[in-house]
1. Relative contact order for chain D: what is it in percent, counting Cα pairs under 8 Å that are at least 6 residues apart?
2. Would you kindly state how much longer the chain becomes between D:LYS441 and D:HIS354 on full extension, computed as 0.36 nm times their sequence separation minus their alpha carbon distance, in nm to one decimal?
3. Averaging over every viewing direction, what projected area does the convex hull of the Cα atoms of the stretch D:278-493 cover, in nm²?
4. Based on the mean of other Cβ atoms within 10 Å per residue, sort peptides C:251-257, C:598-604 so the most packed one is first.
5. Just tell me, in residue order, which DSSP H segments of chain D are both 24 angstrom or longer along the helix axis (alpha-carbon based) and at least 0.0 in mean Kyte-Doolittle hydropathy.
6. Quick check on the stretch D:179-234: what does the Kirkwood estimate of hydrodynamic radius come out to from the alpha carbon pairs, in Å?
7. When N counts the residues of the stretch C:176-305, how does its alpha-carbon radius of gyration compare numerically with 2.2 N^0.38 Å, as a ratio?
8. Suppose we take every Cα in the stretch D:372-444 and form the convex hull; what volume per residue is that in Å³?
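Bear in mind these aren't lab numbers, they're just calculated from the coordinates by the rules spelled out. Note that the structure is predicted; figures quoted are calculated from it, not measured. Note: ideal-geometry Cβ built from the backbone for every residue, glycine included; neighbour counts use all protein chains shown.
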Amino acid sequence: MDHMNVANPYFGVFVLFVLTFGAFFATTVIARLASRAMAAKDTEKLKLTVYECGPEVTKQPNRISPQFYLFALLFLLFDVEIVFMFPWAIDFKLLGWFGFVEMMLFILLLAVGFIYAWKKGALEWHNIK
Amino acid sequence: MEITLTHYLILSTLLFAIGLIGVMRRTNLLMLFFATEILLNAVNIGFAAISRYYGDLTGQMFAFFVIAIAASEVAVGLGLLIVWFKRSGGIDLTTMTSMKG
Amino acid sequence: MELYLYLALFSPLAGSLIAALFGARPKTLFTGVVTSALLGLSLVSSTILLFYILGGGAAVHVEMMTWMATGDLYIPFGFLVDQVSVTMMMVVTVVSTVVHVYSIGYMDHDKSFNRFFAWLSAFVFSMMVLVMSDNFAGLFIGWEGVGLCSWALIGFWYHKESAIWAANEAFIMNRIADLGMLIGLFLIYWNVGSLQYDRFFEAVVTLDQSVLVMIGIFLFIGAMGKSAQFPLHTWLADAMEGPTPVSALIHAATMVTAGVYLVVRANPLYEMIPEVGYFVASLGAFVAMFAASMALVNRDMKRIIAYSTLSQLGYMFVAAGLGAYWVALFHLMAHAFFKALLFLGAGNVMHAMSDELDPFKMGGLKKVMKGTWIMMTLASVALAGIWPLAGFFSKDLILEVAFVEHHYVLYTVLLLTAMLTAFYSFRLVALIFHGEERYKEYGSHPHEAYTFMLIAMSPLALLAVIAGFAFKGSYIDMVTAVLPATEYHVHSPVVFWIMVIGTQLLVGAAIAYAYKKYQNAKIDKAFEQRPCYKVLFNQYYIPHFYEEYISKPYRELSHVAWKQLDLRVVDATVDGIATLFYKTGEQTHTMQNGNLSTMLRWMVAGTVLLLALGVAFTVGISVVAG
Amino acid sequence: MIYELFLILPMMLIVLGALMLMLLSHREAPLNRNMLSVLILALAFGLTLSRLGEAHSVFVFEAIFGRSFIVDSFSTLFDLMILGGAMLTLLINHDYFKSRHYFDGDFFALVLFAVFGMMALSHAHELISAFISLEIASLSIYALVGYNSDNPKSREAMMKYVVLGSLAGALFMLGLALIYGATGSTELGAIAAHIAAHPQDAHTMLIIGGFFVMVTLFFKIGAVPFHAWVVDVYHGAPLPVTMLMASTFKIALFAVILRIYLGDFAALGDFWSLPLQILCVLTLIGGSFLALSQSNIKRMLAGSSVVHAGYMLIALNAITLGNFNASESILFYLMSYFISSVGAFGILSFLAAHEHKQLTFEDFKGFGYSHPYLAAMMSIFMLSLAGFPSTIGFLGKFYIFTGAIEAGQIALAALGIFVAFVSIFYYFRLIATMYFYDTPKTEQHFGFDTTTVLILLMAILSIWGGIGTALLPYLPTPDALIELSRHAITSLD
């Protein structure tokens, strides 16, 4: 196996890192140039204020409960663990009892986490203040 | 044109570079987490491609591990972000300078 | 003998620990008495050792423990009592016992009485470690220990800003010098593989000349700091902020002479490098003159004595630098006695005058303070070098050494300095004790010190008188057993007598002039306007120089480095191009501005930097290899 | 099989203990959780201690884990240091835990998880396992840093640490991908075999990958220029967590760094040395600047911890140049730094628990008179951290500098000595503040309780480690420690 085959193109990692920096600076500069070029040259203060007697713009209050995000996070965490079960399921017969026990242990650990979340009240939907 | 390992690796490095730029440029904390996800997934592409090149499945297993770790990192980060947002009403990192010096 | 060695070494430590136990309590007379008694024990043991060595006994050498032993590294920790160290032990124990007893009276009204004795005894212990160690590592530990204790004692009255400042100044100056010393020690270890004195001195002959010169120079830098030689001398005068017994013990008799001890101890090294020795001697002569000139016009009693110490240290370095090690050690010993006496006398005067330091505000004190007057006069006579007191024998020897070795420039400088010494010593005596009673204008009510303080000082007075003619002979016999026994004799008796009598006459004239000028001196305003007075009074403007050109630029530089350089560097590397084109002026991007984005950029920048280096390096290696 | 189970029993104990604490956390505390976790740690410590001194090197359950998990004398010593460190950290903060309401069961569960991650780190013989262990430890520590979410500083510190930490993690993975691409394996032994089988100039990719891995590890120990987080995170984190990060976590990180450098990448030492030297210089100087400019003691100690990492990098550099003996000096230095810093932090924690202070230099004015004993011990710790002769810190530095000189790195050793001299300024600033100012407060009573006794123990250890040796002939000495580490390191060959 000729490892140089792999090494040579990856040598470009370094070059790309330098390019990253170039791009970083370039975008910084362009953004500033552009904003300056397009900005209104007339910086009379009044023009930038809120229209006459119009009320201050109020933000849309965040109506989504934080509990929702917590749910989403928990879902994400447990969902991701599926990736470990997928290969196990495919090779279930090959792995046999050993694989089964191992996966049960894994699920047990997940269950501990689940119980913990439950007891902590993270799953209680109505518990919103 | 045949797509070789090199192409995958260049893709992965490009993605990594994009992620790095994001990390450096963004001031929105949510975007920062997006950027770190891009970084990790760029590496995943690399792992999968190399694994395929060697005909060795371990590389793909590594990708799974990376996904799991990325998820837990993001979970910790987002959990904190929620608390942060509830307390300070914003997720802009330029406001995060109470300690300096 | 080993028992006495341990007794001499550890009884001060025991005293210090006992006193430290009561450190934060209000005054208990007990601590003072116990520490003094334990020091007395140490003194007795040292005396027994002295007589043992005088009687021709072999040097006592004990290896107490192995300090470090791993692999090739083997540093045993032992103690050595030979002719040189026993001399130092006697000096240290005699002066410190006297100072301890004296301090019981002097510190009588201080609320930190116990703390004072804890530190003072700790100092004595460190000093004993310094002089008794049989290797450079032990010497260095003692060296650091005395530095630490001196720092704590100078800053003893920590409520005074000036005391804190002086303590820190002394400490920092000494650290600078210690860095040199440490490099010297590393060089020794590196080249010899051991820090034992005997191993090193055996190896000296085999080492390269340039290495020896380096070691000699670096060790001497260490000695310069401790002995306050130019240009590290400013701390000594400022160290007078500490209590007077501290000045007597540490900044006159013992610690500041550690540098001389180091040079004497390392005599086989300096024998091999006479050019460095000559430099040491020249610097010594310069400092002798330089310090004496500053003492001429100073108006602070303790500073005058401090400058005189500096000047006498210069004498010692002349002798040591010219290879007359035993002469240096002899002067060290004699000087310790009369200078400590002088300081303690000054302490009495300060007490009497409620801490007044300006001798122009005293005058005529001999009526009320007869005992102090007699002792300080004796000490000043000894310092001036009048026959038959101690100073005559030791100082005259140094002059002879310079003459015999044909260093006539040094000789002349030293001779002049001897006159200056006589002048400023008696200027001080005249101002304090004679003439009109000027203190009455300032409303002071002087009184004599406690009798037991005077009694405590009397051994020093006795030694200041007899140390010269009584001990010289036996001392030379003893100490030349280990130090090069060069005789310094002016061959022609005529020249010899002319020199001796001439010196005595010149010194006498200087004394007479001092009395005449200052007996009834009012402050001479016209004289004070003269430039040479100003230069001397301001210590050659050296403290100003340090402040203006070292401290201030350093502060400025660090300020600039932090605010400007850092800003620029970060912006140059991270935001570089952008800032070049646009003066954003939004907010300063210092390294630690607490901004997460900056941190991330630093991190990526660091990675790229490291990667660039790595790639450059590997490519370089590939090119070389391929 | 049974023997292998016995070998990993300490780690399993920690995990089970952590799970138990986690599940019990919602209950009313039936007993002191702090003492419970200390008990678990002590049990694991005792089990590990029984293996000390016995030479062994076993790939545990090779059939299942492959060669990714090793138990050898090296990891045993590090396990002991980690467990002991965590135990002392928890015990010395006993008063602090009682004085703050937010330390509930979860906190101790997280500490145990972090300890588990650190132990796994010292056992990892494969880079993916090393990464996962590192993440277990790091994730727990992220949560611990932000544990007091009522404190905005704590939250801010956690956020900074999490974001920077994930960037570092991504770099680690990139490096890993490169190493995997170059060698086809991430197992340290296989990598070493690959290096040995190929010519020196064919390792470009492997070296670049190695750099990324190292960047992450150096980030975690706080080497400049990856140090930006250190001061803020140490400041924002609760005191016990700061202690855990400053001492115990660093020990675990050096376990993996040493394993990588000594065991397997040793052949590529030449390539690391130049960047490492530059890193050393940057770390020593940058860290000194950081420490010099702080007004809060916690931040000053954080800055100085960067400098201490720099000293260890000097020794690491000596290793890359072929002086493998320098690794003992790292181990010794870790111990000496641990003792002195835990003591110093312990005093801070004691004060924070009893007097609710901000812990700035201002607060220490006249400390020498209000708390004479604690102030004396604080002075000892500061002296030891500064490397004053006759303290354990001096010996640690001495070994490091002599090791560097033996490897021919005289310039670095000189810089190290210089930085040590600079460090005297900021450490002595504290001593001077304690003794050179008056305080209106009267002397406080010095009572013996868990915290103060442990602080006293640390103070005694600092002094004993510096001079002890032959004074008490039958007690173990620092030399014994060196012997122990030498013995442990032989198992890497």
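1. That works out to 16 percent.
2. In short, 29.9 nm is gained.
3. Projected area, direction-averaged: 12.6 nm².
4. Descending mean neighbour count gives C:251-257, C:598-604.
5. Qualifying helices, which must be both long enough and hydrophobic enough, are D:2-24, D:73-92, D:105-123, D:127-145, D:152-183, D:204-221, D:269-292, D:297-320, D:326-355, D:410-435.
6. Kirkwood hydrodynamic radius for the stretch D:179-234: 12.8 Å.
7. For the stretch C:176-305, the normalised Cα radius of gyration comes out at 1.17.
8. 65 Å³
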